[in-house]
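Remarks on the structure that follows.
The values are calculated or read from the model by the stated rules, or taken from the named source; none is laboratory data. Keep in mind the model is a prediction, meaning the values are calculated, not measured. Counting neighbours? That spans all protein chains shown, and the Cβs are built from the backbone with ideal geometry, glycine included. Heads up: the accessible areas ignore ligands, DNA and RNA and are worked out on the full protein's heavy atoms, side chains in. Shrake-Rupley method; radii C 1.70, N 1.55, O 1.52, S 1.80 Å.
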Amino acid sequence: CVSRCLSWIKRDTQLTFHIFLEQGKHQARIDKREAWILKLRIRKPISKFMRVCSLHFAEEDYFYRSKDFKKRKILKNTAVPLNS
């Protein structure tokens, strides 16, 4: 959904892909969703199928969790994409 981003979930398996928060009742969720939209300069309606790849976030936006002897890269709740 980010303009000029060529990442593809089926091809770029080393990347992680993140969904937009749904618009909910909580103001914090709305603010975070709007921050993502503004930072990524998205000018179309957000659908449930849109994803943002890990290339648009800083390394500090992640923490790692080990599960079944694999390290999983997890996006922090406070993460906002870098300027596009």
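Contact map, the stretch 1-15: residues that are more than 17 Å from Ile46 (Cβ to Cβ) paired with residues that are among the acidic types (Asp, Glu) and surrounded by 10 or more Cβ atoms within 10 Å (Cβ to Cβ), Cβ distance under 9 Å, separation 6+ or inter-chain. Pairs shown: Leu6/Asp12.
Here the stretch 45-76 is the region considered, the condition is being open to solvent by 100 Å² or more (accessible area, probe 1.4 Å) and in contact (Cβ under 8 Å) with a residue 24 or more places away in the chain, and the residue that is nearest to Ser3 (Cα to Cα) is Leu55. Going through (1) open to solvent by less than 40 Å² (accessible area, probe 1.4 Å); (2) out of contact with any Leu (no Cβ under 8 Å at 6 or more places or on another chain); (3) at pLDDT 90 or above one by one, Gly24 falls short only on (3).
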